[in-house]
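What follows is a single structure, written as structure tokens, with notes after it.
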Amino acid sequence: MELKSRPRRRDFITISSGESFSPFHYSVGRFGSQFLTELRDHKRFMGMRCAGCGRVYVPPRPVCGPCFKKMDDWVEVGPNGTLIAFTILRFAFIDPETGQKKPVPYGYGFIRLDGADTQLQHFLPVGAKPPKIGMKVRPVFEEIRHGNLRDIRHFEEIA
Amino acid sequence: MAKRVAIVGSGQTDHAGNRRDVTGCELINEAVRRALEDAQLKLSDIDGVVIGNMDHFEGINGAELWSIEGSGGIGKPTIKLTTGGTTGSTLAIGGTHLVASGFFDRLLVIGWEKNSESDTTGAITTAFDPIWDRLVFAGAISGLAVEASAYMHRYGVTEKDAARAAVRDRRHAVNNPHAHLRKEISVDDVLRSPMFSDPLKALDICPRTDGACAVIYASEDVAEKICPQPAWILATANRHLYSMVSDVDFSSLKSLELASREAYRKAGVREPLKEIGVMELYTPYSFANLSWIEALGLAKPGEGAKLIWDGVTDMGGELPMNPSGGVIATNPIGATGLIRAAECSLQIMGRAGARQVPDVKRALSTGFGGCFWSDVLIYGTEKPA
Ligand SMILES: [Zn+2]
């Protein structure tokens, strides 16, 4: 049968899902909760040492992946650290947690806290002076803290 | 004893930034029909289907169910494999394992993605740890930008070095009728393109593509009856080292170092630069074409750029890389790793058309994704012993 209309490439139809919002509630676990509570109440960073390989993990977790050993040896690390790698976002991408674009520019880096073997990712201020790999940094805490990573505003260079 | 396994046919869609003319299911069907035609097989010859994508790009969970009319899986064992960015290479490795098991003689393996249907970066971000990784993260682009920053700092590599690698891939893509971006670019074009995430600019990074790829795997019992020159799988290897991005060791791509050494050993390769004729690498951004070829053992740490500038990896060079144009030219994410396998099989069969590298005896493909995970496959013209 002959069709009465013939959509061209630009006329193909798309259907949008709408402003869907489906919040999740992630368990942080015993070790993660301990870390965030120390951070909130005492501005302390606690890591976890593996008895097998000696590696100190931040954030702490109950199992060392490479050794597959259970861990239970808390050690204090930081609060200062070293910048291992970084970027500065110039283009605003959608943050799936809010549905909004994160304001740009913003900087973030991988910070190896003193005494740790893994890194913590956090914001870096974007100012006149660009971040430099190898620079020493310290955390700047929020006055009111809620027990999440946002209790740290960012890490700044130690002058 | 595992059966020997070969690729005997493949099909790719007309990859594009937006294929609004087809649903995901229809896109899959386009690749499947082409693969069956390529291998001169009927759907009834196929005894199992393996399919993969990243569900969160389309927001259709259970895409293996929803796409079954297109995939040809009705009435057949249908298995889904999905591992993030490595989905396509996991499909390539999983297909090998399933046929090697002896349970399947002719297996249809499909990777696909319809990246136009969502915000790719937003979707990628949901693949990462919600408690520790997501606060600062902005998808693959920011994660790779961070890797590039460490690499540049360590070796003094420049944005211009990386740009040359992007230029190579885009030049090669001109020869590939399936490629998404088929326009040549210059080093200056790359350097002048908008900065997205320091030091990565728009032309340093892969596009988001709608596309599907289907590959037919056959066991040693039937492969040579289907295809005069099957692409034998000589080795597969993978390494998944981390759960969290914050754990990644940026001193090199360790997962690729380890996986490639295992693959070389299994395939009896001692000097990859000399013994492998072509590589199709899952290098989703320009700097990966420098630092990850070091991880593959092709150059000393910090010296990957020299190979690129000397033309060693160009068409006509000693070891051409990404004759298809690679990931920088085409990136339907769940298909991307499998396209590398399909392209290697075409090179082995001598059927790659304008992008054919002469006289390929061995080819190597990689997959990258997850949390800096790596997959490696090696293919050959000769049936393994
Ligand atoms: Zn350990």
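FYI, it's all coordinate maths here, none of it is from the lab. Everything numeric in this text was worked out from a predicted model, so none of it was measured. As a convention, Cβ positions derive from the backbone with ideal geometry for all residues, glycine included, and neighbour counts pool all protein chains shown.
Assorted remarks:
- Partner chain coverage, peptide B:113-121 - average Cβ within 10 angstrom: 2
- Cα-projected label distance for B:Lys266 with B:Glu37, points at 7 Å along beta-carbon direction, nm: 3.3 nm
- Taking B:Ser374, B:Ser246, B:Ser219 in turn, the Gaussian network model of chain B (Cα-Cα springs below 10 Å) assigns the largest fluctuation to B:Ser246.
- Taking a straight Cα-Cα cut-off under 12 Å and skipping sequence neighbours fewer than 8 places away in the same chain, the aspartates and glutamates within cross-link reach of B:Lys114 are B:Asp21, B:Glu26, B:Asp55, B:Glu58, B:Asp210.
- Computed label-point distance, nm, for sites B:Arg182 and B:His97 using a 7 Å Cα→Cβ extension: 3.7 nm
- Computed FRET value (nearest 0.05) for A:Thr37 with A:Ser17, which takes r as the C-beta separation and R₀ as 30 Å: 0.20
- Think of region A:9-157 as having a plus end and a minus end, set by charges on the Cβ of Lys, Arg, Asp and Glu; of A:Ala85, A:Phe141, A:Tyr108, A:Ala85 sits farthest toward the positive end of this dipole.
- Pairwise label distance in nanometres, B:Asn61 with B:Thr126, each label 7 Å out on the Cα-Cβ vector: 0.9 nm
- Just checking the listed ones, B:Asn61, B:Asn53, B:Asn322: in the Gaussian network model of chain B with Cα springs under 10 Å, the one fluctuating most is B:Asn61.
- Cα-centre dipole for the protein assembly as shown with unit charges at Cβ (Lys and Arg positive, Asp and Glu negative), debye to 20: 440 debye
- Using R0 = 35 Å, the C-beta based FRET efficiency linking A:Glu142 and B:Glu26 works out to 0.10.
- Under 16 Å from the Cα of B:Lys42 - aspartates and glutamates, other chains or at least 8 residues apart: B:Glu30, B:Glu69, B:Asp105
- For GluC sites (Glu not before Pro), the sites in region A:1-53 that DSSP calls loop and that have at most 10 other Cβ atoms within 10 Å are A:Glu2, A:Glu19.
- Across A:Lys69/B:Lys76; A:Lys70/B:Lys80; A:Lys132/B:Lys201; B:Lys160/B:Lys383, pairs whose alpha-carbon gap is larger than 30 Å: A:Lys69/B:Lys76; A:Lys70/B:Lys80; B:Lys160/B:Lys383
- For chain A, A:Cys53 stand unpaired, since no other cysteine beta carbon lies under 4.7 Å from theirs.
- Contact order, relative form, for chain A: 18 percent (alpha carbon pairs under 8 Å, 6 or more residues apart, mean separation divided by residue count).
- Short to long, the 10 Å bins of the Cα pair-distance histogram for chain A hold 9, 28, 29, 16, 7, 5, 4, 1 percent of all pairs.
- When the trypsin sites (Lys or Arg not before Pro) in region B:165-195 are filtered for DSSP coil states and for at most 14 other beta-carbon atoms within 10 Å of their beta-carbon, the remaining sites are B:Lys183.
- Taking a straight Cα-Cα cut-off under 22 Å and skipping sequence neighbours fewer than 8 places away in the same chain, the lysines within cross-link reach of A:Lys43 are A:Lys136.
- Restricting the trypsin sites (Lys or Arg not before Pro) of region A:82-159 to loop positions (DSSP other than H, G, I, E, B) with no more than 11 neighbouring Cβ atoms within 10 Å leaves A:Lys132.
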